[in-house]
Amino acid sequence: NAGVMQNPRHLVRRRGQEARLRCSPMKGHSHVYWYRQLPEEGLKFMVYLQKENIIDESGMPKERFSAEFPKEGPSILRIQQVVRGDSAAYFCASSGGGTGNTDTQYFGPGTRLTVL
Amino acid sequence: EDQVTQSPEALRLQEGESSSLNCSYTVSGLRGLFWYRQDPGKGPEFLFTLYSAGEEKEKERLKATLTKKESFLHITAPKPEDSATYLCAVRLYGSGNTGKLIFGQGTTLQVKP
């Protein structure tokens, strides 16, 4: 079983540009979560999605950030008009939903965003 | 406010020197507690899930335990390859919670040969 895949692994953007981060969940998983890890800080929840639905976006900044998980294709985290403070590692996780073992979130390798 | 605190922040051990990492939590309703291992430049790797006080899980040199207020990750006779950052996270019950994990700051373990 392939694990959670994220691309690109490294992304460099200049201030004001857009960043698009992609996440393909593990096979059989329909729940996707995005987390951000700022330098010297812990992992912080951003958003939880199921296919075509945003379930919880309580951790998303109010402006410039959006996420989607379409019926076909990967989940996308989009950051518009990036600023230097957006530089961080962005991790995607997936789970099968439900309870017990299907509750476990498995993480991808992350995308490291650098804003110049 | 729901909070997860890990201690110590950093731990240096000699190979073979057993020790424990602590994760204390103050939350409204614990649905599950998760331990992950994170190597530099990589994503967190799942280790254990604990659901109720008194539960224990083991994997190789690692053993995780859970009480009503904290969890311990015991490392027995560690090897240099156990060097990593160990993350603790909780998932909560209650209205408004739909799956997010609340992470502690992590304990960075270094095992010297």
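General remarks:
- In the calculated pair-distance distribution of segment B:13-113, the portion above 23 angstrom amounts to 25 percent of the Cα-Cα pairs.
- For the pair B and A, total buried accessible area rounded to nearest 100 Å², probe 1.4 Å: 1700
- Per DSSP, loop chymotrypsin sites (Phe, Trp or Tyr not before Pro) in segment B:1-56 with at most 12 further Cβ within 10 Å: none
- Averaged over its residues, segment B:1-88 has an accessible area of 51 Å² per residue, based on protein heavy atoms and a 1.4 Å probe.
- Accessible carbon and sulfur surface of chain B relative to its total accessible area, %, 1.4 Å: 47
- Simple point charges give the picture: +1 on the Cβ of Lys and Arg, -1 on the Cβ of Asp and Glu, and for the protein assembly as shown a dipole about the Cα centre of about 680 debye.
- Split chain A at each of the trypsin sites (Lys or Arg not before Pro) in a DSSP loop with at most 14 other beta carbon atoms within 10 Å, and the longest piece is A:72-116.
- Accessible surface, chain A, averaged per residue in Å² (probe 1.4 Å): 51
- Calculated on C-alpha atoms, the gyration radius of chain A divided by its Kirkwood radius gives an Rg/Rh of 0.96.
- C-alpha center-to-center spacing [segment A:41-64, segment B:47-61] in angstrom: 28
The values are calculated or read from the model by the stated rules, or taken from the named source; none is laboratory data. Treat the numbers as computed from the prediction; the structure is a model and nothing was measured. When we count neighbours, we look across all protein chains shown, and the Cβ atoms used for this are built from the backbone with ideal geometry, even at glycine. Note: areas computed on protein heavy atoms with side chains; ligands, DNA, RNA excluded. Shrake-Rupley method; radii C 1.70, N 1.55, O 1.52, S 1.80 Å.
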